[in-house]
Amino acid sequence: MVSTTPRGEWAGGFTSALLTLPLCIGFGLFAFAPLGERYVGYGVIAGLYSAIIVALIAVLLRANSPVVFAPRSMQAYLVSMVALHLVQSESFVHIQDPQQILTVMFFVIFLSGIMQAAFGAIGAGGLVKYIPYPVIAGFQNAAAILLLLSQIAPMLGLGHRLEPGTMLEQLRHAQPLTLAVGVLTCYLMLYAGKLSKRIPPVIIGLFAGIGLYYLFYYLGYVDKLGPFIGEFNFALPDLHYLSGFYAIAHQRQWWGLLPSMFAWAASLALISSLDVLLCAKVMEGVTQERQDHNLTLVRLGVGNLVVAAFGGISSAISLTSSQGNYNSGGRTGYSVVISSLLILAAVLFCSQLISLIPKVVIAGMLVVTAWRLLDRWTSQLVKRLVAAGPRNRASLLLDLFVIVLVTLVAVFASLVTAVAIGIMVSVFSFLFRMSKSVVRRSVSGDALRSRKTREPRLMQLLAEQGHRIVVFELEGAVFFGTAEKLIHQIERAVKDGATLVIVDLKRVTEIDSTGVRFLVQANDAMVKQGKFLLLSSVEESGRLGHFLRDMGAIAALTRGRVFVDIDQALEWAEDQLILSELGDVELGTEFPFAQLDLFAGLNETEIEVVKGRLSRRVYAKEEIVFREGDPGQQLFVIAKGEASVRIRPPGATRDIRLITFAPGTVFGEVALLDTEVRSASVQADEELVCYVLEQEVFQQLAGSHPGIAVTLLRNLGRELSNRLRRANRVIYQLDN
């Protein structure tokens, strides 16, 4: 439940109104700047309408949070680009009626609002996030640069834009006092937070700048100061632009411009929507409340199409105003309504005072906004590029190239062209990166083992011949761009002596028909050579398993060579390797006692002494040998069959094998050393024959035959040491 008070709502609304009013005027001026001085009044009104109407529409659509909707630098930049293209368009060169140009501008905003609302209605809020970030960074930098450049003239007290050809001549007319006012405004907006935590720096910078300007004014330096905002005719908004929208849609003279209008609108809707989603994420961190982002897009889209019909520019989430609202006590939509109504009252009853705000103060505020708008990730990218090694430098350079390209095209050419080029370059960049090797790592079977513990002779064989097993761990997408490189690596491994190749798909995010076809071809080539390809981490009931079955991969490899995890695949490969070297050594009669590593160093008489003290036990398949928590008082020697330690983690659908004990191995040996309770359960995988040495019997043996007891303990110590070494190798492989 949101904790709110009427006083907090009013305080939040008042603070956000103070913060929003000068910024929306400044962004309105910036948006209309390409059209010239005659459109200054329209720009002020368009910014004010946006701050008032969009917020009220959002609240009417049940937005109930302290998030304030108002013009932002990104939206103002995009609208200014539309204005610039209109000015440069041949269709408008000879048009003198401002209303026609304004109608086209607002029609583009109207269309973008429809598109933005549609994004939210179809649940595409998440899809908009897939616009590559270097493209967004390029737009953000372009917006910051253009905003900064547009404020040079008012910061210097010049009443017109600086033209590159006559810049030096124009700079001779710069006004140092006006620049001092602008610099003071900038400085306080940046650093006044250190002076006061209660008053927002924007407010301090605004009033300090106005105060210094009028101090110079009353000291008689009128001729050395820049202009005010000037008078503007603010009236209650009406929908008179709707008739103009209708004319654009039905009169042939406009039809040639419609494709450009839709392209501008789409660019405005896409970039604005992403900006909104990013700001919404930031505000969730402030308010600690989750928002429906698709619904936010719908509200803003409807608000923007409505405000366009009234003659206002696009709005988005104003972070400065929203944070000011929340920090002052605003918690619900009431504070947003209060803010909008206070702005409306201010412009209705205080328009004369607003018209006397110096342009240089607004310019100073926008300069700081432009500075903060510069993408910080870009500067971090440059630093990383300097420090990066050769391996990562190409990727970083490509990102930086996209950012610079989009920035330059957006500043010096066309917004639509910048969108198209940026996304196209990013798509090619994505394909280039995705086409790199999909192999996360390759490791041989002498370094990576299954969890099956075998007698020392077989473990030694696997250590010597394990290089014939090669595991390829894949990561990412297996498609036409990556599958061919994978097959080349498999072929190279086979040429180097691999007879069993395991392809682990655990980290594969996607695989297409081409990738499956390449794997089947690699399998067919290996089978002809008497070698095997195995797939691991494939659940037949899962999405990947169904796809591989439908594409014929499971039938081609046979189900016997498709495993649910890498451990089972490794065990099968090890069994095949042992079979090819020694034949069927693990079937038939019980394991010979004399070959047990536990009895190494004992003569035949001593082995018989120990054997006489062992009890023989037989366990049926799936019978529990002992459970976790049982008293630990026996050592088990496997003579026939296998037993495994398995666990099922919380939420898992199947057991995970920790270790399997084969004939000739021992388990439960720690019981002879510490007599603590069992740390895990052991279950027979098949009919199991064990010889059991009780702890009490071992103590008796130590008393009557201490030499035998010492030899047994030494052998157990060696076995524990070997297991620890194997565990270290597994941990090392996992870490790499």
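The values are calculated or read from the model by the stated rules, or taken from the named source; none is laboratory data. Computed from a predicted model, the values in this text were never measured in an experiment. Every residue, glycine among them, receives a Cβ derived from its backbone with ideal geometry; neighbour counts consider all protein chains shown. For accessibility, only protein heavy atoms count, side chains too; no ligands or nucleic acids. Shrake-Rupley method; radii C 1.70, N 1.55, O 1.52, S 1.80 Å.
Evaluated over the Cα positions of the chain, the convex hull gives a direction-averaged projected area, one quarter of its surface, of 44.4 nm². Placing unit charges on the Cβ atoms of the charged side chains and taking the dipole of the chain about its Cα centre, the candidate lying farthest along the positive direction among Ala370, Leu300, Leu356 is Leu356. Could you tell me which of rounded, prolate or oblate describes the range 269-329, using a ≥ b ≥ c as the square roots of the eigenvalues of the alpha-carbon gyration tensor, with rounded for a/c under 1.5 and, failing that, prolate when a/b is larger than b/c and oblate otherwise? It comes out prolate by the Cα gyration axes.
Once the trypsin sites (Lys or Arg not before Pro) in DSSP loops with at most 14 neighbouring Cβ atoms within 10 Å are cut out of the chain, the longest remaining piece is 437-620. In this structure the amide hydrogen of Val503, modeled in the peptide plane, comes within under 5 Å of the amide hydrogens of Phe472, Leu534, Leu535, Ser536, none closer than 5 places in sequence on its chain.
Helix-only estimate, please: 222 nm mean residue ellipticity of the chain, summing -39500 (n - 2.57) across DSSP H runs of length 4 or more and dividing by its residues, to the nearest 500.
-19500 deg cm²/dmol
Straight-line reach from Lys531: taking Cα to Cα under 29 Å and skipping same-chain neighbours fewer than 8 places apart, the lysines in range are Lys436, Lys452, Lys485, Lys495, Lys506. With each label modelled as a point 7 angstrom along the Cα→C-beta vector, the Leu295-His705 pair spans 8.0 nm.
Near Val44, once Lys and Arg are set to +1 and Asp and Glu to -1 for all other residues with Cβ below 15 Å from its Cβ, the sum equals 0.
Electrostatic bookkeeping for Arg616 treats Lys and Arg as +1 and Asp and Glu as -1; over the other residues with beta carbon under 14 Å from its beta carbon, the sum is +1.
Evaluated with a Cβ-only charge set (Lys, Arg +1; Asp, Glu -1), the chain carries a dipole of roughly 1840 debye about its Cα centre, given to the nearest 20. Database remark: amide H of Ala316 closer than 5 angstrom to the amide H of Ala70, Arg72 (H placed geometrically; neighbours at sequence offset of 5 or more, or on other chains; Pro and chain starts carry no H). Remark: the chain carries 47 Å² of accessible area per residue (probe radius 1.4 Å; ligands, DNA and RNA excluded).
FRET efficiency for the Ala249 to Ile423 pair, using the beta carbon distance and R₀ = 30 Å, is estimated at 0.60. The angle between the Cα long axis of helix 293-310 and the main principal axis of the chain comes to about 10°, on a 0 to 90 degree scale.
Taking each of Lys194/Lys224; Lys224/Lys359; Lys611/Lys640; Lys197/Lys359 in turn, the alpha-carbon distance tops 20 angstrom for Lys194/Lys224; Lys197/Lys359. For Ser580 and Gln88, the FRET efficiency from 1/(1 + (r/R0)^6), where r spans their Cβ atoms and R0 equals 60 Å, is about 0.20. Which whole-number percent is the relative contact order of the range 261-395 (Cα, under 8 Å, 6+ apart)? Rounded, it is 17 percent for the range 261-395. Entry note, the chain: relative contact order of 15 percent, from Cα contacts under 8 Å with a spacing of 6+ residues. With both labels modelled 7 Å from their Cα along Cα-to-Cβ, the Arg376 to Asp496 distance reads 4.5 nm.
Taking a virtual spin label 7 Å from the Cα of Asp655 along the C-beta vector, which residues in the range 673-696 bring their backbone nitrogen under 15 Å of it? Only 680-688 pass the distance filter. Annotation: the range 532-581 has a Kirkwood hydrodynamic radius of 11.2 angstrom, from the mean reciprocal C-alpha pair distance. Taking only Cα atoms, what is the 0 to 90° angle, nearest 10, from helix 415-434's long axis to the longest principal axis of the chain? Its long axis makes an angle of about 10 degrees. Database remark: amide H of Thr453 closer than 5 angstrom to the amide H of Thr660, Phe661, Ala662 (H placed geometrically; neighbours at sequence offset of 5 or more, or on other chains; Pro and chain starts carry no H).
Please report the antiparallel percentage of DSSP beta bridges with both residues in the chain, rounded to the nearest 5. Approximately 65 percent, going by the DSSP bridge assignments. Positive-end ranking of Phe479, Tyr619, Leu577 along the dipole of the chain, with charges on Cβ about the Cα centre, is headed by Phe479. In the context of the full protein assembly, Trp10 retains an accessible surface of approximately 150 Å², using a probe radius of 1.4 Å and ignoring ligands and nucleic acids. Candidates Gln75, Leu179, Val276 compared by Cα position along the dipole of the chain: farthest toward the positive end lies Leu179, with charges placed on Cβ.
Pulled fully out, how much extra length does the chain show between Phe401 and Glu606, if you take 0.36 nm times their separation in residues and subtract their Cα-Cα distance? Display every interim value, and only then the final one.
Numbers: separation 205, 0.36 × 205 = 73.80 nm, distance 7.76 nm.
Full extension of this stretch gives 66.0 nm more.
Distance between the 7 Å Cα→Cβ label points at Val564 and Ser355: 8.0 nm. Each residue of the range 187-192 is assigned a 3J(HN,Hα), and the resulting list reads 4, 5, 5, 7, 10, 5 Hz, derived from the Karplus form 6.51 cos²θ - 1.76 cosθ + 1.60 (θ = phi - 60°), x at Gly and Pro.
You can think of it this way: the chain between Ile487 and Ala235 has 83.6 nm of extra reach, that is 0.36 nm per residue less the Cα-Cα gap. If a spin label sat at a point 7 angstrom from the Cα of Val527 along the line to its beta carbon, the backbone N atoms of the range 552-567 nearer than 17 Å would be those of 552-563.
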